[in-house]
Structures are given as C-alpha cells and as structure tokens.
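Have a look at the structure below before the remarks.
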Amino acid sequence: MNPYRQIPQIDKLLQDEAFAGCNTVLLTQAAREAIEALRSAIGRGEVTSVDREALIREILERYHAFLTPSLQPLVNATGITVHTNLGRSLIDPELFEEAKSVACNYCNLEYDLEAGRRGDRYHHTAEALRQLFGCEDALVVNNNAAAVYLILNTFAAGREAVVSRGELVEIGGSFRIPEVMKASGAILREVGTTNKTHCRDYEEAVGEETALLMKVHKSNYRIEGFSEEVPFADIRAVARTRGLLDYYDLGSAYLPDLPWGLSDYEPSIFRVLADDPSLISFSGDKLFGSVQAGIILGKKELIARLKKNQILRMFRVDKLTLALLERTVLAYRKGEYDKIPTLRMLREPIENLRERAERLNGMLPPIEAEVRESETYVGGGTMPGKKIPTVVLALEGDAVELERQFRARRIIGRIERDSFVLDMRTVREEELSLIAEAGKEIGG
Ligand SMILES: *Cc1c(COP(=O)(O)O)cnc(C)c1O
C-alpha cells in the first residue's frame, strides 16, 4: 500500500488520548512538523509503511522539545573561568536571591523614596561604585562595547581619537575597535607601528581635530619580542598638557590582588585609577565577575555629558542588571570575594582542586581516571597567554568519544594530550554528583 495514504489525518490523530491535556496550538505545530518529516522519509524510501504509534511518539517528543527552554545550565569542566561561550561569569545564588526581590516586586528604580518623586535609574549603582572606587562618578550601560561607543560618540564624533596601531583589537563576536569608532562617528587616528608605539607618536598626532587619546587593552593577544607600548600614565600626561581627554578601555578588569602572578600581568582597576584618568570603562562580566554590563568610571562633568547623550537610552540597563551589579559591588566593598564566583574559582588553592579531583575519581567508576596537575587560562579576553595552575581528572578511553558523550549530558570538558579531561578549576563541589551520574551512564 502507498505509505503516503497511510498518514493519518491530523485532526483525527490529535484526538488520540496520548495527547490529552496538551496545548492544541503547539501540538498542531508539532504534528505538522512530524508529518512533514515523515513525508520526506517516505520520499527518500526510508519508510515504506507508517507506524501510527511511532508517529504519536515522535509528535510528543517534538511537543515536549517546544516546551523546553533552549537556554540551559551546564557544567563547565574546561577550566576556563571566564568562558564567553559558556556565559562568562556566574552569579552567586545567595546574591541572586537578594537581587530577586527587585525583579519580582515593584521597586524604586526611578523613584526617589525620600522626596516622593521621580528619581534617577543610574543613581543606585553609581553611588555604590563611587564608594568602592573613590572615583568622582560612574555610569552603567549594557556592555563594554556600548561604553566604548557611547564615549567615542559623545566626545569624538566628527573629530579624531588617537589610538596605537598595536591596540586596534578585535574581540570575539565581531567587536573591532576601528569599526566601533567608525560607527560612533569618531575618526580613528592610528599612531605608531604594530609592534612599537612611543610617547612622541601621541604628541605628534595631536592637532586641531584631536578630541581624545585612547588606550585599549590588548585583551586576547600579546606582542612579543621587539615591542613597546606607552603606559597609560604617559598618554594621560600628554592629554592633560594639550587640554584633551584621555580614555582607557580596560576590557576586563579586576580589583583585589590575584594569585598565580596574574596581578603582575595586568594592572588592577585601582592601579589604573591611581593615574587619575578622565574616563575608563570595562566589562561587568569578565574578571569583575558580575552580570553583563559596561562600567564607566570618571570625572563628574564627563559622566554628566554622557548622560545627556540620547544614545544612552538605547544602552540602558534593566533593573535586574542594576540589582545584581549593585550587590556584587557591595560584596566587593565588604571584601566578600567568595560571593564573586569568578574570583572564588581563580583564587582557589591547588590543594582544594586536587582533593575535589580525588573525590570525583572515587565517584566515577566504571570509568578509570587519573588525577593530574595541569595548566589552564583565565579566558574571556583577559590575561592572554598567561597560564594558571590547575588539577584535572584525565579519563581513560577514546577522548573524542568521551568528549561527545559527556557533552550530550551537558558536561563540557577538554581534550589534553589525547585524554578527555575534567578541569577542577571551574567545577564546583555541588556538580560532582552530576558528573558521577553521567559517568555511570557512559561507562556502565
Ligand atoms: C571584551 C572587551 C570589550 C567588549 O566588552 P563587552 O562587555 O563584551 O561588550 C571591549 N574592549 C575590550 C578591550 C575588551 O576586552
């Protein structure tokens, strides 16, 4: 019999009791897609006779997939703490719980509780950031890319922004300094060469059209060998003597001293602020370890001008962002670095990691594994090329196959020296049983 003729009518099929309680709109869509797929399979000769029960199962599977959110949590066992593809920084559950009340209730987002009238959305975090950093003022936008754009558009549209050739960076996900500048209306004035830029290059570039001198952090690459870059303090000095603005796009940025020599590798925000910059900006969710945001710190009158730019409205942050960010800032002020998961993971001593690896090893049979010392990176456009120590659990077996099997269970590891490894730098205590369960399924 012609298999096309065996395909049941949708209306009749959906009256099957297997579909009781299902949402009709979604169910119809699932049924249409399943039948479409069935028709193609018949066309390819893969199906010669229609199995009604199998079709019902297929429709139900598609229906349930519709109801499952696509964005799902997973276990990061790559060892890369600030992993952009895996969501960059984590928020501490306790801290999230505190911020939750602001999202689930009405709040004083733009309401001055004392005066009983309209207030300023930016006031909440600005106050906390001012107190944390001792800077004149602060502004929070959607992300650091928006911060760069806003600053250039406000102060350098139609005029020149001077940047070293060695710092014309491209960050993953299509953020390129020259393109962002162009879009903002600023005219890029490159100085120096790829490997060397001198202070006099900045001095010589300054002219009638110059609006600001900008330094950009080399987030994801290093220039080795015969190379020289100008420290921000010197760029700032040139800007001040010429009556220009200076701006440092820090990209990622951190506060407290970090172990593993990370603090010598890149300056902390405090060390940059000690140079008294006009403006700096950085990401909220890289090393700062909070929610996605662009944080701008600087002089009061400059922040006031940024707030007057209409474009700020397009980069406006949500109350949930502000609530989470303010609580991260408070944790910093109280010195509670363990409330900032990115810092907690980066600072965790090697003994802890080894102990966790041993424990997981004990839970993992039937898969054989070995605890090994290794190295990993911070990631996310921070500290390029800088290795930090870690401990991994290297599993025995086909590395490619294991990687695939664990990934299918939303556990992402990495392959190192032909072994599939789970890196303890980014695996948390509460995730061990999840990994062990997956191990049982895979090895059993
Ligand atoms: C990461 C980065 C940006 C972009 O920041 P987002 O918060 O991802 O928008 C801009 N500049 C530099 C130097 C960076 O490292």
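Distant-in-sequence amide contacts of K196, defined by a placed amide H-H separation under 5 Å and a gap of 5 or more residues or a different chain, comprise E228.
As a rough guide to protection, the peptides 342-348, 377-383, 435-441 ranked by mean Cβ packing within 10 Å, highest first, stand as 377-383, 342-348, 435-441.
Taking the range 111-191 on its own, what percent of its Cα-Cα pair distances exceed 22 Å? That fraction is 44 percent.
Counting only the Cα atoms, the chain fills a convex hull of 214 Å³ per residue. Remark: for residue pairs K218/K286; K286/K334; K218/K299, the C-alpha separation exceeds 18 Å in K286/K334; K218/K299.
Compared with the dominant Cα axis of the chain, that is its longest principal axis, helix 399-408 is turned about 80°.
What does a probe at R52 reach in the range 4-34, counting residues whose amide N is under 12 Å from the point 7 Å along Cα→Cβ? Answer for this model: 6-9, 12-18.
For the chain, modelled as a GNM whose springs connect Cα atoms under 10 angstrom apart, the maximal fluctuation among S268, S227, S281 occurs at S227. Summed over qualifying helices (DSSP H, 4 residues or more, each -39500 (n - 2.57)) and divided by its residue number, the chain shows a 222 nm mean residue ellipticity of -12000 deg cm²/dmol.
Need one number: % antiparallel among DSSP beta bridges in the range 93-339, to the nearest 5.
Numbers: 15 of 33 bridges.
If we restrict to bridges inside the range 93-339, about 45 percent are antiparallel.
The 3J(HN,Hα) values that the Karplus relation (6.51, -1.76, 1.60; θ = phi - 60°) gives for the range 66-79 are, in residue order, 4, 8, 9, x, 6, 7, 10, x, 8, 9, 8, 10, 7, x Hz. Gly and Pro appear as x. What the Cβ-Cβ distance of R354 and T84 gives, at R0 = 25 Å and to the nearest 0.05, is a FRET efficiency of 0.35. Of the residues I388, V140, G284, the one whose Cα sits farthest towards the positive end of the charge dipole of the chain is V140 (charges of +1 on Lys and Arg Cβ, -1 on Asp and Glu Cβ, taken about the Cα centre). Overall dimensions of the range 93-339, expressed as equivalent-ellipsoid semi-axes from the Cα gyration tensor (√(5λ), whole Å, largest first), are 32, 21, 15.
Once the Cα atoms are used to define both axes, helix 350-363 deviates from the longest principal axis of the chain by about 0 degrees.
At 4 °C and 1.567 mPa s, what whole-number value in µm²/s does Stokes-Einstein give for the translational diffusion of the range 50-99, with Rh from the Kirkwood sum over Cα pairs?
On the way: Rh = 14.5 Å.
After rounding, the answer is 89 µm²/s.
Name all residues of the range 324-354 having a backbone nitrogen under 17 Å from the label point set 7 Å from the Cα of R417 along its Cα→Cβ direction, giving them as ranges. Hits in the range 324-354 for R417 at 17 Å: 354.
What relative contact order, as a whole-number percentage, does the range 3-67 give when Cα pairs under 8 Å and 6 or more residues apart are counted? Before the final figure, lay out each step's value.
On the way: 37 pairs, mean separation 30.6, N = 65.
Dividing the mean separation by the residue count of the range 3-67 yields 47 percent.
3J(HN,Hα) couplings calculated from phi for the range 378-384 with the Karplus curve 6.51 cos²θ - 1.76 cosθ + 1.60 (θ = phi - 60°) are, in sequence order, 6, x, x, x, 9, 6, x Hz; Gly and Pro show x.
With only Cα atoms counted, the range 3-67 has Rg and Dmax values of 11.4, 34 Å.
The antiparallel fraction among DSSP beta bridges confined to the chain stands at about 60%. Counting every other Cβ atom within 10 Å of each residue's Cβ, F406, F315, F96 order from fewest to most as F96, F315, F406. Among Y122, Y4, Y106, Y247, the ranking by other beta carbons within 10 Å of each residue's beta carbon, starting with the fewest, stands as Y106, Y4, Y122, Y247. Set the Cα radius of gyration of the range 1-113 against 2.2 N^0.38 Å, with N its number of residues, and you get 1.74. So if R0 is 56 Å, what FRET efficiency would S70 and T241 give, r being the distance between their Cβ atoms, rounded to the nearest 0.05? The pair S70/T241 has a calculated efficiency of 0.55.
Each reported figure results from applying straightforward, stated rules to the coordinates on display, with no laboratory input. All values reported here derive from a predicted model rather than from experimental measurement. Cβ sites come from the backbone with ideal geometry, for glycine too, and all protein chains shown count toward neighbours.
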